[in-house]
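> Before I ask anything, here is the structure I am working with.
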Amino acid sequence: MTYSRELSAALKKAKARVGDRVKAAGHEGILMPSPELVKDSTHIVLKLDTGYNLGIKFEPKTQIVKLAGRKDAKPGKKPKLTPQSEGKIALLATGGTIASKVDYSTGGVSAALTSEDLIGIVPELGDIAHIDMKTLGEWMSEDLDHENWITIAKECEKRLKKDDGIVITHGTDTMHYTSAILSFMLHTPGKPVVLTGAQRSTDRGSADSAMNLITSAYTALGDIAEVGICMHAQPDDSYSFFIRGTKVRKMHSTMRNAFRPINDYPLAKVFPDGRIEPISVRPYRERGKTETKIVFDNAVELLKVYPGADPKLLTNAVNSGAKGIVIEGTGMGHVPTKARKPWVPVIKDIVSSGVPVVVETQCLYGPVNPRVYSNLRLLYQDAGAIPAADMLPETTYVKLGWVLAQEKKLPKIRDMMLTNYAGEINDRIEPDMFLY
Ligand code: GLU
């Protein structure tokens, strides 16, 4: 890639290098490399604070001003740990944006920071507690599977014996799957297990990682002995929500306050100064004994119903070895019933062969109701599908994998799916929980 002579001269005059913060044509951002194949480019590319890249055409009148030098997300000086409390927190890093930096040679973001780097970047953590760090992986969360969940859960099981609480840094995209499965695997954690992440990489001006880490550390030292996610509650840095691991979902791809409680209230508000304000109407679990069950059978499929969907999706799943199926039904938990391609008879056959079929709602909010419509009665009473109450699709999916690893018999699987192990089923859904 080369810049045109005029653009090169303007950049040289401004002493602006790739990675510096610059202002050009009224926009501020980090100067990114231009696409490699372009010769004599007349454009510069800025990474804006929103995370988007903006191409700006250089005209003779375009002013380029360097605002600040390039900041590499190098680990800071090893922080002096002089914690105000005697508490001990295990900080387990698994990757994701919170452990990422912008690679200025490609303009992309990749997982590259270890737990030591993280504490170097947010040294305040060292003031809150004794932090015992371990890097379990440098994974982007879309690449995770049940083997990674087991690795994380086993490390938590060890740490729950000796530390006061756990903070797990994690990619945000599938963090709610991990929080749900950890809620089952560590079903009585006895201490807080707090997952957190970042929507913006740590070396960017708008990074959300510092507040998320700080509020998570305070949560890990607090009294709410639950597995949950602690991230920004608002777009600004006012406070975080700590949300139960089975009732939380990433609901926005970019906003800092993307994680919301569904069919539940948050457990608590957590302020960056360490105050924790409980919200949840249900009594939260107190610190105490730890009980775990770290198992998972991944022969589970998660399928989505849509108008005209072919029930072959179900038979294909069973023929390729599925031992359990979760369906994201419509509305109160419907699948095509009197349609041209009905699902109900296929489900009936699958259930009679001993394979559980669990249906939840793609509305996310509100419960499945097996009785209201006659089509629902055919599915749940006649064909034998299991209605997943108000559980989220991701929670239902991981719960079925956890249950199948423990039970093979259909009636017992049904009982376990309808048992509330980790706050995943809420009998009282209040109107103000909607879009909380
Ligand atoms: N897709 C990546 C992940 O989930 C980055 C997203 C993030 O961490 O926010 O790991």
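The values are calculated or read from the model by the stated rules, or taken from the named source; none is laboratory data. Computed from a prediction, not measured in an experiment: that's the story for all the values here. Counting neighbours? That spans all protein chains shown, and the Cβs are built from the backbone with ideal geometry, glycine included.
> Restricting to segment 395-425, give me the number of residues that are crowded, with 23+ Cβ neighbours inside 10 Å, of a type outside the set (Lys, Arg) and closer than 17 Å to Leu364 by Cα.
Count: 5.
> Based on what the data block shows, is Met391 aliphatic (A, V, I, L, M) and either under 19 Å from Leu313 (Cα atoms) or assigned to a helix (DSSP H, G or I) (or both)? Steps first, answer last, please.
Working: aliphatic (A, V, I, L, M): yes; either under 19 Å from Leu313 (Cα atoms) or assigned to a helix (DSSP H, G or I) (or both): no.
Considered against the rule, which asks whether it is aliphatic (A, V, I, L, M) and either under 19 Å from Leu313 (Cα atoms) or assigned to a helix (DSSP H, G or I) (or both), Met391 comes out as no.
> How many residues does segment 230-252 hold that are touching a helix residue (DSSP H, G or I) at 6+ places or on another chain (Cβ under 8 Å) and not aliphatic (A, V, I, L, M)? If you could, list the steps in order and put the result at the bottom.
Going residue by residue through segment 230-252, those that are touching a helix residue (DSSP H, G or I) at 6+ places or on another chain (Cβ under 8 Å) are 230-232, 237, 239-240, 242, 244-250.
Still in the list and also not aliphatic (A, V, I, L, M): 230, 232, 237, 239-240, 242, 244-247, 249-250.
Going through segment 230-252 one residue at a time, the tally reaches 12.
> Please pick out the residue among Thr135, Thr169 that is polar (S, T, N, Q) and farther than 14 Å from Leu213 by Cα. It would help to see each step written out before you state the result.
Working: Thr169 fails: farther than 14 Å from Leu213 by Cα.
After ruling out the rest, the residue left standing is Thr135.
> Name the strands (runs of 3 or more DSSP E) wholly within segment 1-116 that hold at least 1 residues that are at pLDDT below 75, surrounded by 13 or more Cβ atoms within 10 Å (Cβ to Cβ) and of a type in the set (A, V, I, L, M)?
100-103, 108-111
> Need pairs with beta-carbon distance below 6 Å; first residue free of Cβ contacts under 8 Å to residues at least 40 places away in the same chain and farther than 17 Å from Pro192 by Cβ and within segment 257-281, second buried (at least 23 other Cβ atoms within 10 Å of the Cβ) and not small (Gly, Ala, Ser); sequence gap 6+ or separate chains.
Asn257/His232
> Test Asp349 against the stated conditions and say whether it is farther than 24 Å from Ala217 by Cβ and not polar (S, T, N, Q). Break it down into steps so the answer makes sense when it comes.
Numbers: farther than 24 Å from Ala217 by Cβ: yes; not polar (S, T, N, Q): yes.
Yes: the conditions hold for Asp349.
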